[in-house]
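S.K.: I have a structure I would like to understand better, so I am pasting it below and will then ask my questions one at a time.
What follows is calculated from the coordinates using simple rules that are stated; it is not laboratory data. For clarity, every value in this text was computed on a predicted model and none was experimentally measured. Methodologically, a virtual Cβ is constructed for each residue, glycine included, from the backbone with ideal geometry; neighbour enumeration extends over all protein chains shown.
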């Protein structure tokens, strides 16, 4: 699914910013983040850096019998968005009396933060109990439906890991398959590069486990190729945007920060590689493989590869809100400043489907995590609780969270922005968990 033609991005041009220049390869571009940049590092957009819940299975209290369910309330934070005049609150989807507190939590959050579109789906033991679309916007704004499509950011990785699990089961791959030899990448892309001698030992399972050897934090390389696509295109002297394979070719020649398998360090690039691995062994595009081999047998349909440009969004997909602009990777040889949510943050969804480029409805995500692990490969976790396993995602125009719990509940929420205080999101998480714990469900 390639985006034609790339230079149509000029329709999104919001104007050149005085005094800004195109970064040269190896130079850190202007950070698209609203907060202060971390010294020596461009923050990674796919996951909200303030959310510590992006973890494997976590044991914890889901609420004691004496607790009272709470709904996140407005505490008058100075960072809250003041209520805009003319906005209307609407909820689409059949009411569920036992879960009415969920609607209250979502309303409180969206009105306090000025979020215009959101969706929430809840299932128990694989049975969908609740699916609502929420809108806090002017009367002429499209009403969010329970099945509206949203970009998933890093919750896309849950689908990628499910694809790898399926590839293991069908003997297309083994956990110890070595990635770069499989992809046929054996030489550095640039004469100035020297491949790390350990690069050919990286395995598929090490990518799944975020132990492939890359550390893009300030303590490591400070370079996440998923949000530095423009720099890579310039380094490779490309006339247009890079492909996923271009990213892989470039990174093959870059040093690793640790021995593969020796530690865990979250890596967007590793999951971009997994998307390429799936394409290599299946002979299908990443999206087609997921849709036809993994999702169709489960009856899941509302999942696709996202498009970066606003005028190429899919039917039923929401629009995305995020303040700020950045240089587009779509046309790396010109200074095109575009909204952060439409390429200005440095990524292209078409290139990074495996790490953060999918769109889906909240019910589709919730259905998937009844069958597959929300974090890592394998089936949905089981065992005595209380525990919950969580995957979060955050990029310009998206905040997402998928949760599996030991009581058989799975739920997903997605919003069309990341423009809100982190503390508000934590309040919402606590409110939803409490409401679900105390609901009288069958």
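S.K.: Residue 97 to residue 190: FRET efficiency via 1/(1 + (r/R0)^6), r the Cβ-Cβ distance, R0 41 Å, to the nearest 0.05?
M.R.: 0.10
S.K.: At 0.36 nm per residue, and after removing the present C-alpha to C-alpha distance, how many nm does the segment from residue 380 to residue 219 gain when stretched out fully?
M.R.: 54.6 nm
S.K.: Fully extended, how many nm does the chain gain between residue 334 and residue 423 (0.36 nm per residue separation, minus their Cα-Cα distance)?
M.R.: 28.2 nm
S.K.: Going by average Cβ density within 10 Å per residue, which order do the peptides 200-209, 167-176 take, highest to lowest?
M.R.: Packing proxy ranking, top to bottom: 200-209, 167-176.
S.K.: Would you mind classifying region 371-442 by shape? Square roots of the alpha carbon gyration tensor eigenvalues, ordered a ≥ b ≥ c; an a/c under 1.5 is rounded, otherwise it is prolate if a/b is larger than b/c and oblate if not.
M.R.: It comes out oblate by the Cα gyration axes.
S.K.: Among 402-412, 343-353, 417-427, how do they line up by average Cβ neighbours within 10 Å per residue, starting with the highest?
M.R.: Most protected by this proxy first, the peptides run 343-353, 402-412, 417-427.
S.K.: Work out how much length residue 430 to residue 264 would gain on full extension: take 0.36 nm times their residue separation and subtract the Cα-Cα distance, in nm to one decimal.
M.R.: 57.0 nm
S.K.: Let me ask something else about it. I need the per residue convex hull volume for region 305-442, using only the alpha carbons, in cubic angstrom as a whole number.
M.R.: It is 122 Å³ per residue.
S.K.: Evaluate region 108-214: find the radius of gyration of its Cα atoms, find its Kirkwood radius, and give the ratio Rg to Rh.
M.R.: Ratio of gyration radius to Kirkwood radius: 1.18.
S.K.: May I ask for the distance between the Cα centers of region 312-332 and region 90-136, given as a whole number of Å?
M.R.: If we compute the Cα centre of each part, the gap is 25 Å.
S.K.: Let's test the formula: R0 of 45 Å, r as the Cβ-Cβ distance of residue 280 and residue 127. What FRET efficiency results, to the nearest 0.05?
M.R.: Calculated transfer efficiency: 0.80.
S.K.: Enumerate the residues in region 368-390 having an amide nitrogen under 18 Å from the point lying 7 Å beyond the Cα of residue 407 toward its Cβ.
M.R.: Taking a point 7 Å out along Cα→Cβ of residue 407, the residues of region 368-390 whose backbone N falls under 18 Å are 370, 381-390.
S.K.: Please report, to two decimal places, log10 I(q)/I(0) for region 134-189 at q = 0.16, 0.17, 0.22, 0.25 Å⁻¹ as given by the Debye formula with identical point scatterers on the Cα atoms and no solvent.
M.R.: The calculated log intensity ratios at q = 0.16, 0.17, 0.22, 0.25 Å⁻¹ are -0.72, -0.76, -0.98, -1.05.
S.K.: What do you get for Rg/Rh over region 289-384 if you use C-alpha atoms and the Kirkwood form of Rh?
M.R.: On the Cα set of region 289-384, Rg over Rh gives 1.07.
S.K.: Next question, about the same structure. In nm, give the distance between the simple-model label positions of residue 296 and residue 236, each being 7 Å from the Cα along the Cα-to-Cβ direction.
M.R.: The answer from the label model is 3.0 nm.
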